[in-house]
1. For segment 176-225, enumerate the residues that are out of contact with any strand residue (DSSP E or B) (no Cβ under 8 Å at 6 or more places or on another chain) and basic (K, R).
2. Starting from residues that are assigned to a loop (DSSP other than H, G, I, E, B) and in contact (Cβ under 8 Å) with a residue 12 or more places away in the chain, keep the ones in segment 50-64 and report whichever is surrounded by the most Cβ atoms within 10 Å (Cβ to Cβ).
3. I'm trying to understand the selection: among the residues of segment 98-130, which are among the small types (G, A, S), more than 26 Å from D254 (Cα to Cα) and not in a strand (DSSP E or B)?
4. Among the residues of segment 242-261, is any assigned to a loop (DSSP other than H, G, I, E, B), touching a residue at least 24 places away in the same chain (Cβ under 8 Å) and either buried (at least 16 other Cβ atoms within 10 Å of the Cβ) or not assigned by TED's automatic domain parsing to the domain that holds I74 (or both)?
5. List the number of the failed condition for L253; all other conditions in (1) at pLDDT 95 or above; (2) hydrophobic (A, V, I, L, M, F, W, C); (3) more than 21 Å from V105 (Cβ to Cβ) hold.
6. Can you find, within segment 1-35, the residue that is nearest to F243 (Cα to Cα) among those that are in contact (Cβ under 8 Å) with a residue 40 or more places away in the chain, part of a loop (DSSP other than H, G, I, E, B) and of a type outside the set (A, V, I, L, M, F, W, C)?
7. Within segment 36-48, is there a residue that is among the β-branched types (V, I, T), within 17 Å of the chain's Cα centre (by Cα) and either within 30 Å of A258 (Cα to Cα) or not in a strand (DSSP E or B) (or both)?
8. Counting residues that are at negative phi and among the basic types (K, R), which strands (runs of 3 or more DSSP E) fully inside segment 140-196 reach at least 1?
Amino acid sequence: MRCAVLGDPVAHSLSPVLHRAGYDAAGLPDWSYDAVRVPAGGLRAFVEGLDGSWRGLSVTAPLKHEVVEVATEITDRARLVGAANTLVLGEGGPLADNTDLPGAVAAVRERYDGPVTAATVLGAGATAASTGLAMVELGARTVVLLARSPERAARVAAVVAAHPARPRVEVGSMADDAVRGDVVVSTVPAAAQNPDLVARCGAAAVVFEVLYDPWPTPLAAAAGDRPLVGGLDLLLHQAALQFALFTGVPAPLDAMRAAGERALAERAAG
């Protein structure tokens, strides 16, 4: 039984480490999981070339919007986000799902059990949409989207505003607008996290950094005593949901987390 993570670039992905550790812990010796570079525009051709041994695909940038275009069935949460990070392969055709959204909810709740009434999301890509919706699921009535180009955030703003809870969505500039709310979520590269931006994030009760490499990012390093939700937390919880979808077996969360932590420690030491 074969699975893989697809993207470009993808060699840095920890997904193979997590899924393989899960297979070992769950006693699934016939399952494999690899990283495959698939450039933008190449997802459909890749999926159409697969044989019956394939069971699931994890999909990362820049392919998340292409997933819904190649699927024969789309879950409600993937439809809500307008993008997917998961393809479940079977006889009925590919099923597109988005485990980033529930994975983000689980990642935050693991580190923080307080209220979320408002949140700021930095960035304007597919991950900004899924994490913005996750903030609404956690209770946020206002979501502020700050992007390097506010015009690019219009699509994400529309996605978050379409949540059944009908949150208020505001769009601003990451260059100088205020960060507001209980949680600040960063979906932008570490290089974009300049001292001024990090300082403006200082009032948020919770820091959610979706990156895990490089680590720590400037924003994560400045979290101090505040609850810090890291990229490994998000990756782990969304991968655990994928694992169950692909295999039909509950994910061995502890074993997958330990493998991810070891891999990051080895990268930092190397």
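The values are calculated or read from the model by the stated rules, or taken from the named source; none is laboratory data. All values reported here derive from a predicted model rather than from experimental measurement. Here the Cβ positions follow ideal geometry from the backbone for every residue, glycine too, while neighbour counts run over all protein chains shown.
1. If the condition is that a residue be out of contact with any strand residue (DSSP E or B) (no Cβ under 8 Å at 6 or more places or on another chain) and basic (K, R), then R200 is the only one that fits.
2. L63
3. Once the filter is applied, which keeps residues that are among the small types (G, A, S), more than 26 Å from D254 (Cα to Cα) and not in a strand (DSSP E or B), segment 98-130 yields G123, A124, G125, A126, A128, A129.
4. yes
5. Failing condition for L253: (3).
6. My answer is S13.
7. No, every residue in segment 36-48 fails to be among the β-branched types (V, I, T), within 17 Å of the chain's Cα centre (by Cα) and either within 30 Å of A258 (Cα to Cα) or not in a strand (DSSP E or B) (or both).
8. Counting at least 1 such residues, we get 168-173.
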